[in-house]
1. What is the extension gain from Tyr264 to Tyr760, computed as 0.36 nm multiplied by their sequence separation minus the C-alpha to C-alpha distance, in nm to one decimal?
2. List, in order, the whole-Hz ³J(HN,Hα) value for each residue of segment 388-399 obtained from phi through the Karplus relation with A = 6.51, B = -1.76, C = 1.60 and θ = phi - 60°; use x for Gly and Pro.
3. Between 0 and 90 degrees, rounded to the nearest ten: what's the tilt of helix 788-798 against the longest Cα principal axis of the chain?
4. Rounded to whole Hz and in sequence order, give me ³J(HN,Hα) for segment 570-585 from the Karplus expression 6.51 cos²θ - 1.76 cosθ + 1.60, θ = phi - 60°, writing x for Gly and Pro.
5. Go through [x] 44; [y] 63; [z] 36 and flag the label whose value is the computed percent of Cα pairs over 40 Å apart for this structure.
6. Report Thr438's accessible area, 1.4 Å probe, all protein chains in place, as a number in Å² to the nearest 10.
7. Accessible area per residue for segment 660-739 in Å², computed with a 1.4 Å probe and the full protein assembly in place, what is it?
8. Determine the alpha carbon to alpha carbon distance for each of Lys86/Lys204; Lys475/Lys547; Lys364/Lys393 and list only those over 22 Å.
Amino acid sequence: MQPPRERDTSTVVEVGETVPSTSATSAASYEIETDNKNVCSEADTSKSPVSEQAVNSNILFILSDDPVEWEINDSLRNYVAKYGFKQNLDADFKKSKREYNDHARYFTRSMFERELKNCEKIQRDWLIYSQSSGRVYCGPCLAFNGGSQFGVLKEGFNDWKNAKRLAQHENSPDHKSSVLQMLERGKKHGRIDHQVERQLEEEKVYWKSVLRRVVETVKSLVSRGLPLRGDNETIGSVHNGNFLMAIELIAQFDPFMATHIAKYGNPGSGRTNYLSSTIYEEFVEILASKVTELVLSEIHIAKYFSIIVDSTPDLTHVDQLSLIIRYVQSDGTPIERFIKFIPNVGHKAELIKDAVVELIEELKINMNNCRGQSYDNAANMSGPYNGLQAKIKQISPTAEYVPCAAHSLNLVGECAAKCCESAVLFFDTLQEVYTFFTASTARWNILFNQYEKAEKKRKESKENKRTHILQNLSKTRWSARSDACVALFESYWEVISALFDVEEDDQQNPNAKCEAKGIRLKLESFEMAFMVVFWGFLLERFNLTNKLLQDPEIDIFTAVQLYDSLIALISESREKFDGFETEARTLLMTAAESYQKDKGRKRKRTLRSGEKATGEVEFNGRDTMRVETFLVIIDKLITELKKRRNAYEMYYERFFFLLNLTALSSEELKKKAEALVQIYPDDIEECFIGECIQFQALCNSQNYTEDAKTPTKLLKKIRNQNIHSVFPNIDIALRMCVCTPIANCSAERSFSCLRRVLNYLRSSMNEERLSALGILQIENEILQSLDYEEIIDAFAAKKSRRVLLH
């Protein structure tokens, strides 16, 4: 039996039934209406389905909440069978006081429940409490003349000391007979509330099924950065946008959605179909809010975090500042999460600091837990006195600044590429070759024909080698320079042959022929072949290292090791000039090198009065190439790499001892542990020293750090083996180390998302929607894990809806 909806005092019964008389002390009353226009002021018939049924029956019957005031007749029985009754669960039970010899007892709410032998609890929905008499009654027995005191108005039950009689009564034959009579009468008269509830439940299931498809469609589109809207919102139009296109596609294979579109498609103003732009824009907002909430909850659990900041102008010439937060997950894995785009901040350090701190405080993240910051090497970001890193350290002194290792490596290559005339000439020629062929479709076809001929020869000779198309250079991405250099190296003679064909082509204008000849002569020189081989080797190593440095899981230790490996590689290459010469001869298909300097006439210098020509040393072409180009580039690379590496030395030495415990003496270990405690006095306890000594013993006995050569691997191992509770301070130290970023590449990746989301067709997008779509695409893994039921519930609770969803 179900209790009725909570209302002030009443519900209703049908016409033709006996109407109970009113009482001066009772809330029961009735009113007969013949025109269905007037309703009792105590019942809201405009909102309750039951009240509407009562109005249609022309009689309003109001039942008292107090069973003592009931007048038992067929009208009451019919009402109770249809609508149930109010149990008064929230009443004040003070009036139920009964004095016993030992002490007084009261009725309690727990008596409305029955505990079974298996400890399950079920509701006693037959029990009613009378606020006027302080007694309890059995509703079915009271209405259908049950034999016990629970079914007699003048008696009732209030022997709270013997509350077990409640269980005896509900197991009695009289009680069960009364309940069966009530259920039978309820079936006979058709419980209106059940019918209404079933109808409402069916409606709720229907619209939830529609919204489930809407949510999944929105998730799929925004996770790929695709626009949702079109020129119109008409079902069947080819200009209705990706969202309605996807809905129409689903309808072709989903009978439910096909029926929904046929019934509710293109409804016009004032009708509901939940396929409009207003609806899916609300879902975009809700999904972004849910993703942000999950990210923030992970940050609060991790506690320690670092910030990554970078900016770029968007398509509308608005400077967008991207904020990324890096933290450590529960399994020890570092993760970098996009938070938001902040528009029009400016480029001054103070303005950027204010914007970042304001946003972090708005998200209720404690800035004192910031342990690192990584930006590019611009002065307004990296300046030690007035840069952003200095401003942040004023707020959080332990937020150490780490220059972006990938950006620093690019700067190393940039310096080397400009260190001598030959290097500048090489990259200019590299770009000149690409520009020459791409400037004309005819010239590009000539080059492409050479590619096809070379590919055909490779297939005939079964060479496992693929064709590389010429690539454009990039001022910011050195991976593009590596691709361009490799492409020229792999298709060197195809390019030369194409240039020769352009020279011999009568359809080409004289300027193009002259330019082709000039480029061909440069490529046929031994110096150019040497630079292609030499820079191809260097750029390949730099490119692979740079890509590894962009991995979010890379820590400072790995970055330092990669820099050291590059320094060692380039230092060894200093003695490999002969090897590069050999490869250059192979590329040019010549038996001996022939430098341009050796081909020209030797210059004779006129001696001044009293000057002798003795002691003069004149380099030949080979020595000039080695001394003035090769060694200059090598030395510049080594110098710049060491300079950039030193920026990480302090942080590297601070935590390195945790990975090298087995090689340290007890005194050295204590000094390093004490130094770390002094740096982080609010995070690491004094017992950290003892933990390090115990952890050193563990490492010595089990070779614990043998397969954990980086802080990230060691932290994962500690977390996986669940020993972080034994070494909590070591766990904290490693978390602070691992959460410190080594590159700001995640912010650079967010700019790629920005260009996809804010394109020339969507240039009028507001900032909130831009950030929402940005986080949904960038953090698409979290987006796909969201439960659609939770999203629909949030949608239903956001505001009043035309249809029932709760």
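The values are calculated or read from the model by the stated rules, or taken from the named source; none is laboratory data. Please read these numbers as outputs of a predicted model, since none were measured by experiment. Note that we place each Cβ from the backbone using ideal geometry, even for glycine, and neighbour counts take in every protein chain shown. Ligands, DNA and RNA are stripped out before the accessible areas are found, and what is left, the full protein with its side chains, is counted by its heavy atoms. Shrake-Rupley method; radii C 1.70, N 1.55, O 1.52, S 1.80 Å.
1. Going from the current span to full extension adds 175.2 nm.
2. 4, 5, 6, 5, 5, 5, 5, 8, 10, x, 8, 7
3. Approximately 70 degrees, to the nearest 10.
4. 5, 5, 5, 5, 4, 9, 10, 4, 4, x, 5, 4, 4, 5, 5, 5
5. This structure yields the entry labelled [y].
6. 70 Å²
7. With the other protein chains kept in place, segment 660-739 gives 49 Å² per residue.
8. Lys86/Lys204
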